[in-house]
Amino acid sequence: MKKLMMVAALAGFSFALCGAPVLRVMPLGDSITNGSGSNDTAGYRGFLWTLLKNAGYNVDFVGSTTTNPGKVSGMDVEHEGHGGWKIDDTIGHDGRGIYEMLPTWCGTFEAPNVILLHLGTNDSGNDALTNMARTVALLDRIHQFEPSAHVIASTIMWRTATANYARIQNYNSYLTNVVQQQQAKGQRISIIDMHAAVPGDDRLEAGQSTYFGDGLHPNAAGYELMANAWLDAVTNLYPDPANFDNATTPVAVNAT
């Protein structure tokens, strides 16, 4: 009798896992989303995969590419992280614009619940207002092709190039207003301050940077901080991994 009860209990547990809703997460961005600088973890994605699984989420990373920077073990490898790509292809016309390619990618995978957007580092050679206008156009296009997805838009992190970093800081200062503007349009979007979550420093010359392996990409410790920040944002949206009906819609926070 005890054996039958144990089998029934295990069967019920398996059914509960199989019946849990799938949380589809689309990592979207450039080489930082791809994971340059931390091959074994695919940047933040390996850390985030583990964190979500351990928190009880039936998570599915989605995207059109499975290319990863190195050997990645035990995680879902789909994503939309493209090294060297920009918000759009206006500058250079080299065919590496997220805006242009988004319609081609969407529809090749199931619609995501959440899009983790970290993009704009490669655009920091341009003025911040121009990049912000391009971001607005990209967000409108994301809403057009993935209207049910909630976008978590990220501020851009530190980099050593002084002029580029100044433009990044200007871009970050505009992003909160842009997110609020997109919310007013009816878009499902919130903001995360990744710039604050992964602190930069000026010690790269001595090879001692705490969270960045070079002047651009985080190291494993930095990517782990990114993953924890994404985890907080995702679990705030979907606090119950077994029930997405009570999903919240957080307002934009101040990102300074």
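The values are calculated or read from the model by the stated rules, or taken from the named source; none is laboratory data. Bear in mind the structure is a predicted one, so any value in this text is a computation, not a measurement. Backbone-built Cβ (ideal geometry, glycine too); neighbour counts: all protein chains shown. What goes into the accessible areas is simple: the full protein's heavy atoms, side chains included, and nothing from ligands, DNA or RNA. Shrake-Rupley method; radii C 1.70, N 1.55, O 1.52, S 1.80 Å.
Taken residue by residue, the range 185-205 has no member that is modelled with pLDDT under 95 and polar (S, T, N, Q). For the range 31-42, indicate whether the set of residues that are open to solvent by 50 Å² or more (accessible area, probe 1.4 Å), modelled with pLDDT under 95 and in contact with a strand residue (DSSP E or B) (Cβ under 7 Å, 6 or more places away or on another chain) is non-empty. Yes, that holds for at least one residue.
A Cβ distance below 7 Å, combined with a sequence gap of six or more or placement on separate chains, defines the contacts here; from the range 20-48, residues that are over 15 Å from residue 101 (Cβ atoms) reach residues that are open to solvent by 30 Å² or more (accessible area, probe 1.4 Å) and among the aromatic types (Phe, Trp, Tyr) in the pairs 21/244; 41/47. When the range 44-62 is filtered for residues that are open to solvent by less than 40 Å² (accessible area, probe 1.4 Å) and either acidic (Asp, Glu) or out of contact with any helix residue (DSSP H, G or I) (no Cβ under 9 Å at 6 or more places or on another chain) (or both), only 62 remains.
One residue is enough: does the range 182-195 have a residue meeting the conditions within 17 Å of residue 43 (Cα to Cα) and either out of contact with any Phe, Trp or Tyr (no Cβ under 8 Å at 6 or more places or on another chain) or open to solvent by 40 Å² or more (accessible area, probe 1.4 Å) (or both)? Yes, the range 182-195 contains at least one residue that is within 17 Å of residue 43 (Cα to Cα) and either out of contact with any Phe, Trp or Tyr (no Cβ under 8 Å at 6 or more places or on another chain) or open to solvent by 40 Å² or more (accessible area, probe 1.4 Å) (or both). Scanning the range 32-54 for residues that are in a helix (DSSP H, G or I) and under 14 Å from residue 220 (Cα atoms) yields a count of 11. Screening residue 102 with (1) more than 18 Å from residue 30 (Cα to Cα); (2) part of a helix (DSSP H, G or I) gives one miss only, at (1). For the range 234-252, the set of residues classified as loosely packed, with under 12 Cβ neighbours inside 10 Å and at pLDDT below 50 consists of 249, 251, listed by residue number. Could you check, for the range 18-26, whether at least one of its residues is touching a Ser or Thr at 6+ places or on another chain (Cβ under 9 Å) and either assigned to a loop (DSSP other than H, G, I, E, B) or modelled with pLDDT of 85 or more (or both)? No, the range 18-26 has no match at all.
Only one of the listed residues (115, 98) is modelled with pLDDT of 95 or more, out of contact with any Pro (no Cβ under 9 Å at 6 or more places or on another chain) and open to solvent by less than 30 Å² (accessible area, probe 1.4 Å). That residue is 98. Within the range 98-153, the set of residues being of a type in the set (A, V, I, L, M) and more than 19 Å from residue 86 (Cβ to Cβ) comprises 111, 114, 149, 152. Looking across the range 138-160, the residues that are open to solvent by less than 40 Å² (accessible area, probe 1.4 Å) and either in contact with a Pro (Cβ under 9 Å, 6 or more places away or on another chain) or closer than 23 Å to residue 107 by Cβ (or both) come down to 138, 139, 142, 146, 149, 150, 151, 152, 153, 157, 158.
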